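Okay, structure first, notes after.
The values are calculated or read from the model by the stated rules, or taken from the named source; none is laboratory data. The structure displayed is predicted, hence computed values, not measured ones. Cβ atoms come from the backbone with ideal geometry, glycine included; neighbour counts cover every protein chain shown. Note: accessible area is taken over every heavy atom of the protein model, side chains too, but ligands, DNA and RNA are not part of it. Shrake-Rupley method; radii C 1.70, N 1.55, O 1.52, S 1.80 Å.
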Amino acid sequence: TGTGYVWDTQYGWVDTGTGGLSPADATKLLQPIAHPFAHPDTKRRLHELISASGLLKHLEPIEAGLASEEDILRVHDRAHFDRIVAESAWPKGGDAGDGHSPFGKGGHQIAMLAAGGAIAAARAVVEGSVKNAYALVNPPGHHAERDRGMGFCIFNNAAIAASYAREVLGVQKVAIVDWDVHHGNGAERIFWKRSDVLNVSVHQENCFPAYSGPVTSRGEGEGFGYSVNIPLPPGGGNAVYEYAFRTVVIPALRAFQPDLIIAASGYDASMMDPLARMMVRSDGYENIAQQMLDVADEVCGGRLVLVQEGGYSPYYVPFCGLKVVERMAGVSTGFDDAYFPIVSTKGGDVLLDHEKAAVDAAAPLVSDIR
Ligand code: 6DK
Ligand code: ZN
C-alpha cells in the first residue's frame, strides 16, 4: 500500500490578515503587507510542486472532511471552540488567541478542515488503506493549547489526530515528534500529565513561544518523562538535526514503542526561513524523514503520519516538502532542489561542539521512557 496525501483547496484560503507579525498597526508604523509571514501561498506552492513534479500521481488522495465538534472537544475546551466559532462570524473574522494570529470570516471552517485532514490521514494509516500519509493542512496547529490558540494556530491538528487515534481507532500508544523550528507547546501542555502520548519537540531554543521548551520541561505525575524537549542553539543545520534524531529522537521512540507516530512537520528550520535562524536544507529534511520512516518500520509497522505545521519561505518550503514526501512514497521525481547551489555553501554540515552539547544534554531523558 502507498502513501496517503491530504490537501484541500480551502487550506489555500486561510486569511492571515495584512500585518508582518499581524496585525498591521499604523500607530506603531507597522505597515500593511500583501504577503504576511503565514500567507497560505507558501503551502499552496508546496502542493503545486508536488503536483507539477509528477509526485502527486504516486500518492493516494485522502479527502479531509470537517472534524466534528466532538473531535475538537477531545482536545480543546468548549469555551475555546465556542469563541472561535463566534469570532469566525464577525464581519472581519477574529483571532486565534494571542492577538497576533488573525483569521478571516468563516475561518473556523478551514480550521476544522485542517483538523479533519489530520484525522483522515491518521485513520487511513491505522486502518491500513495506506502505509503512511502526509497531511498538507493549513492553518497549523502545534501551538494551540486546550483553552487557547496562538502563533497562527487555532486547533491542535496533530493532538486531535492523536486523540482520535486513541479514543476512536483504539490505538494504545501514540508518539508525536515535532520538528517545526518553534516549540511544540500545544501537545506538550495537552498531554503533560499523560504517559500514553509521548511528545518530543526539536526546536530552536527560545524562539517561540518565549521561554517555552527547555530541556528541563519533562511532564508531571504519570506524564513525567513523556515530554522530551531538545532545544538547539541558533545556526545549526543538517548536521545537528541528523545527530539529534539519531541520538535522542529515534532512541526515545525505540524506548516508547508507540503503535502510531504522528510528526508535526514544519520547514521553518530551513536555511531560507525568515522566522528562525537555523540552516537545514532539503537534504537535511530528507534525512529526518528517512530516520522517521526507518524507526516507524521498526516499532509500529511503518505507521507514520506527517501533519504540516509552519514554514515561511515561499521559495524554499516547496523543495523541502517535496523531498520529504518523495522519501515517504519511495519515489524520486528526478527534480533537484533548485536552490541547492545557493544553500549548499553556507554551512550546517559540521556538528559544532556547542550544538553537540545541546543534544547530549537531552540524551539522558531517553532512559526514563518505557
Ligand atoms: N511572534 C509555527 O511555525 C508558528 O510554529 C510560528 C509563530 C511564530 C511567531 C513569531 C513571533 C510574536 C512575537 C512577539 C509578539 C507577538 C508575536 F505554528 C506554526 F505555524 F507551525 O515571534
Ligand atoms: Zn514554526
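Values as computed for the structure displayed
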item	result
Condition check for Gly116: without any contact (Cβ under 8 Å) to a residue 60 or more places away in the chain, under 25 Å from Ala79 (Cβ atoms) and touching a helix residue (DSSP H, G or I) at 6+ places or on another chain (Cβ under 9 Å)	yes
Inter-residue pairs, beta-carbon under 7 Å, first of a type in the set (A, V, I, L, M) and open to solvent by 10 Å² or more (accessible area, probe 1.4 Å) and in the range 170-198, second more than 16 Å from ligand 2 (Cβ to nearest atom) and in a helix (DSSP H, G or I), 6+ apart	Val171/Val126; Val171/Ala165
Set Pro233, Pro258: member being in contact with a His (Cβ under 9 Å, 6 or more places away or on another chain) and away from ligand 2 (no atom under 16 Å from the Cβ)	Pro233
Matching residues, the range 60-101, being in a loop (DSSP other than H, G, I, E, B), closer than 19 Å to Ala162 by Cα and not polar (S, T, N, Q)	Ile62, Glu63, Ala64, Gly65, Leu66, Ala67, Arg74, Val75, His76, Asp77
Any hit, the range 103-125, residues being touching a Pro at 6+ places or on another chain (Cβ under 7 Å) and within 16 Å of ligand 2 (Cβ to nearest atom)	yes
Single match in Gly302, Gly321 (criterion: part of a helix (DSSP H, G or I) and open to solvent by less than 40 Å² (accessible area, probe 1.4 Å))	Gly321
Residue pairs meeting the criteria (Cβ under 7 Å; at least 6 apart or on separate chains; first more than 16 Å from Ala115 (Cβ to Cβ), in the range 73-88; second at pLDDT 95 or above and part of a loop (DSSP other than H, G, I, E, B))	Ala79/Asp147; Glu87/Gly93
Selected residue (criterion: most open to solvent (accessible area, probe 1.4 Å)) from residues of the range 202-216 that are out of contact with any helix residue (DSSP H, G or I) (no Cβ under 7 Å at 6 or more places or on another chain) and either within 11 Å of ligand 1 (Cβ to nearest atom) or of a type in the set (S, T, N, Q) (or both)	Thr216
Scan of the range 166-197 for residues that are more than 17 Å from the chain's Cα centre (by Cα) and outside any loop (DSSP other than H, G, I, E, B), ordered by number	Arg166, Glu167
Candidates Tyr312, Tyr285 - the one that is closer than 18 Å to Lys43 by Cα and assigned to a loop (DSSP other than H, G, I, E, B)	Tyr312
Sole residue being hydrophobic (A, V, I, L, M, F, W, C) and crowded, with 24+ Cβ neighbours inside 10 Å, chosen from Ala264, Ala239, Ala276, Ala255	Ala264
Evaluation of Leu56 against (1) touching an Asp or Glu at 6+ places or on another chain (Cβ under 7 Å); (2) outside any loop (DSSP other than H, G, I, E, B) (one fails), failing number	(1)
